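**Student:** Structure in structure tokens, see below.
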Amino acid sequence: MERGKMAEAESLETAAEHERILREIESTDTACIGPTLRSVYDGEEHGRFMEKLETRIRNHDREIEKMCNFHYQGFVDSITELLKVRGEAQKLKNQVTDTNRKLQHEGKELVIAMEELKQCRLQQRNISATVDKLMLCLPVLEMYSKLRDQMKTKRHYPALKTLEHLEHTYLPQVSHYRFCKVMVDNIPKLREEIKDVSMSDLKDFLESIRKHSDKIGETAMKQAQQQRNLDNIILQQPRIGSKRKPKKDAYTIFDTEIGSTSPKSEQDSGILDVEDEEDDEEVPGAQDLVDFSPVYRCLHIYSVLGARETFENYYRKQRRKQARLVLQPPSNMHETLDGYRKYFNQIVGFFVVEDHILHTTQGLVNRAYIDELWEMALSKTIAALRTHSSYCSDPNLVLDLKNLIVLFADTLQVYGFPVNQLFDMLLEIRDQYSETLLKKWSGIFRNILDSDNYSPIPVTSEEIYKKVVGQFPFQDTELEKQPFPKKFPFSEFVPKVYNQIKEFIYACLKFSEDLHLSSTEVDDMIRKSTNLLLTRTLSSSLQNVIKRKNIGLTEDARHAAEEEIYTNLNQKIDQFLQLADYDWMTGDLGNKASDYLVDLIAFLRSTFAVFTHLPGKVAQTACMSACKHLATSLMQLLLEAEVRQLTLGALQQFNLDVRECEQFARSGPVPGFQEDTLQLAFIDLRQLLDLFLQWDWSTYLADYGQPTCKYLRVNPVTALTLLEKMKDTSRKNNMFAQFRKNERDKQKLIDTVAKQLRGLISSHHS
């Protein structure tokens, strides 16, 4: 029963669902009916649904049939009306077709005209657009044409500026055109081309100034010489309305400005041709010969391209290489002055160029770079001059070389280069110059002595007498009183040698000119050279003459010549002793011999070194005479009355000087002496000094008078004199001696020794 109710309920629900689905199918768009039908087939009652669907279709068919039967007459009437309308429509169609045909025929020309007008309007728009585009493109093309012209005429820096404007101002406005893209692609190539061409110009410039450095330097040195001559004239003459030519500024006389952009040909080397200047015309400035525009242009181009550092490094590297080439002297430079002159010209030319580059560019070269180059040049130049000048044996060539070096130094000093080392080197060349002079004058003296007859010069009149005295300042009152004819007490070689000595001094003075030396330094130089001339060159020549057997000298004349040697040597020793300046009151203990004595010993060594050509006996006698004279003079110096007091320190300094003399005697300055023979000349001084410095009075007093006495050469009078000088010093230098026992004992000892010495002296006299 219950099952029956449940089945009935389910059947009612299914029927209601089917009814809903049918209503949905009737009211829903066919495109969306799929989900509805799927719900039917998903269930189990699709058979019953189909039955209901068929029933619903039949119902709708019946309703349609009823409706059609109701409206049939109206339908027939409508069909009849439509048939009528079709006929009228056909007529209308025919009329429209005919009208259209006529219209087409009549409007054909108008259409053609309109088509032509349309084409004209299109062409007009195209032309206008083309003109507008060309107005944008023409400046680009003009700038590009200008760029090519500038590059063709080698105006590279303006070309680079044009390229910058073209790239950043003009091309961006027309960048979508194909030809502009080609230009844009070519811009890096054009920049590289400009760089390469400007670098090529720079290389030509560097090569040219390397070849023309000597011309540049020659002109700079001429200018320096002119200025020096002018300065000398002004110093020597008063300024009386004289018009002085203005000196060209070393940094502003270039005729080409830094920013020069003038076109240059392929052959342009940067060197301007200048004809040789006459002596009376103003020499052009060294920088007037050089056009530096290739350097400036290349520098600007590389700066604009952001490659300035690359350019600076390249320029400096190339110039360093050129500097090394310039500083390499030719192997035969020493043979002629022109060799030195060309060498100096190249160096000056190099640094004139670099100095100008330093002052006219901002950082292409700097002071440190210039100083480095100059230090290298200075060391190599000095080394080359030392080497090559050593080969020169002609004093005239050495003097000309000195003048050339001075001009070289003065020229570079104008440009701010330090040249002190060059002047120091000239002092070395001065010694070499002196040696060449000595060799030259040795030959002159030899010729004079060889041609002399060694007979007194006869004079028969006052005129001849004055002529001889004018050549040689000889004064002899006895000879002046004698009547004519009379004879000078010397032969013709004496005034000739005297005049040659003066010529030698003049030659030495010529070398000292323009060396910026003080008068004292010049005097010392002349004195040293003249001493060598007299003691070595002239002495050697005279010795050779004396040794000859056939010169006709009499034994009285030879003896007189020897005595003259001894006398002059002793006089020279006296001159040195006049320079002695002892501080007799000093308390300091010295550690070296006095300067005057060191110089004296050096003089004696050099003098006796040339005495080897003299007869052995003459040389030995001269040496012994000199040592005895020196010892005697030193003893007199120690005991002279003007020295009222002396200290132990002064005595010790005097002892150092005597030791220097003894060392000289031991060294054997002249061969032939037996051992310690020369030292005996100083034995009196040695024993006296040992007695006082060792204070060995007990031995002296005890052994006095005995042959074996240690102080046999010490005279008691001499000892007492020296002791009195020390006693006075001891008293005056010890204000409070009475309060110090040691000082009082020392005074007593000195008094006791003095008393005993007086006793010895008294007993000796008795």
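The values are calculated or read from the model by the stated rules, or taken from the named source; none is laboratory data. Treat the numbers as computed from the prediction; the structure is a model and nothing was measured. All Cβ positions, even for glycine, are placed from backbone atoms using ideal geometry, and neighbour counts span all protein chains on display. Keep in mind that these areas ignore ligands, DNA and RNA; they rest on the heavy atoms of the full protein, side chains included. Shrake-Rupley method; radii C 1.70, N 1.55, O 1.52, S 1.80 Å.
**Student:** Of all residues in the range 371-383, which are open to solvent by less than 10 Å² (accessible area, probe 1.4 Å) and small (Gly, Ala, Ser)?
**Tutor:** 377
**Student:** Can I ask one more? Could you check residue 422 against (1) touching a residue at least 60 places away in the same chain (Cβ under 8 Å); (2) surrounded by 18 or more Cβ atoms within 10 Å (Cβ to Cβ) and say which number it fails?
**Tutor:** (1)
**Student:** Still on this structure, I have one more. Evaluate the following for residue 677: is it surrounded by 13 or more Cβ atoms within 10 Å (Cβ to Cβ) and either more than 20 Å from residue 586 (Cα to Cα) or modelled with pLDDT of 85 or more (or both)?
**Tutor:** yes
**Student:** Here is a follow-up. All but one of (1) more than 21 Å from the chain's Cα centre (by Cα); (2) modelled with pLDDT under 85; (3) under 26 Å from residue 380 (Cα atoms) hold for residue 303; state the number of the condition that does not hold.
**Tutor:** Only one criterion is unmet by residue 303, namely (3).
**Student:** Report every pair of residues separated by at least 6 positions or lying on different chains whose Cβ atoms are under 8 Å apart, first residue within the range 277-300 and open to solvent by 20 Å² or more (accessible area, probe 1.4 Å), second modelled with pLDDT of 50 or more and among the basic types (Lys, Arg).
**Tutor:** Cβ pairs passing all conditions: 277/222.
**Student:** Between 56, 38, which is part of a helix (DSSP H, G or I) and open to solvent by 70 Å² or more (accessible area, probe 1.4 Å)?
**Tutor:** Within the list 56, 38, the selection yields 38.
**Student:** Would you list the helices (runs of 4 or more DSSP H) that sit entirely within the range 401-511 and hold 3 or more residues that are touching a Phe, Trp or Tyr at 6+ places or on another chain (Cβ under 6 Å) and farther than 30 Å from residue 354 by Cβ?
**Tutor:** It comes to 420-451.
**Student:** Mind counting the residues in the range 328-356 that are open to solvent by 10 Å² or more (accessible area, probe 1.4 Å), touching a helix residue (DSSP H, G or I) at 6+ places or on another chain (Cβ under 8 Å) and not polar (S, T, N, Q)?
**Tutor:** Going through the range 328-356 one residue at a time, the tally reaches 7.
**Student:** Next question. Quick check, is residue 624 out of contact with any His (no Cβ under 6 Å at 6 or more places or on another chain), in contact (Cβ under 8 Å) with a residue 40 or more places away in the chain and not in a helix (DSSP H, G or I)?
**Tutor:** Considered against the rule, which asks whether it is out of contact with any His (no Cβ under 6 Å at 6 or more places or on another chain), in contact (Cβ under 8 Å) with a residue 40 or more places away in the chain and not in a helix (DSSP H, G or I), residue 624 comes out as no.
**Student:** In addition: Look through the range 336-359, keep the residues that are over 18 Å from the mean Cα position of the chain (by Cα) and hydroxyl-bearing (Ser, Thr, Tyr), and return whichever of them is modelled with the highest pLDDT.
**Tutor:** 340
**Student:** Do you know which residues across the range 630-650 are part of a helix (DSSP H, G or I) and surrounded by fewer than 20 Cβ atoms within 10 Å (Cβ to Cβ)? Explain how you work it out, then say what you get.
**Tutor:** Start the filter on the range 630-650 by keeping residues that are part of a helix (DSSP H, G or I), which leaves 630-639, 648-650.
Within the range 630-650, 632, 633, 635, 636, 637, 639, 648, 649 qualify.
**Student:** Given the criteria at pLDDT 90 or above and exposed (fewer than 15 other Cβ atoms within 10 Å of the Cβ), does residue 663 qualify?
**Tutor:** Yes.
**Student:** Report the residue count in the range 501-520 for those that are surrounded by 17 or more Cβ atoms within 10 Å (Cβ to Cβ) and among the polar types (S, T, N, Q).
**Tutor:** So the count comes out to 1.
**Student:** Identify all residues within the range 425-454 that are within 17 Å of residue 510 (Cα to Cα) and free of Cβ contacts under 8 Å to residues at least 12 places away in the same chain; write none if there are none.
**Tutor:** 431, 435
**Student:** Same structure, new question: Quick one: which of 318, 267 is open to solvent by 20 Å² or more (accessible area, probe 1.4 Å), within 28 Å of residue 222 (Cβ to Cβ), modelled with pLDDT of 80 or more and of a type outside the set (A, V, I, L, M, F, W, C)?
**Tutor:** Sole residue among the options that is open to solvent by 20 Å² or more (accessible area, probe 1.4 Å), within 28 Å of residue 222 (Cβ to Cβ), modelled with pLDDT of 80 or more and of a type outside the set (A, V, I, L, M, F, W, C): 318.
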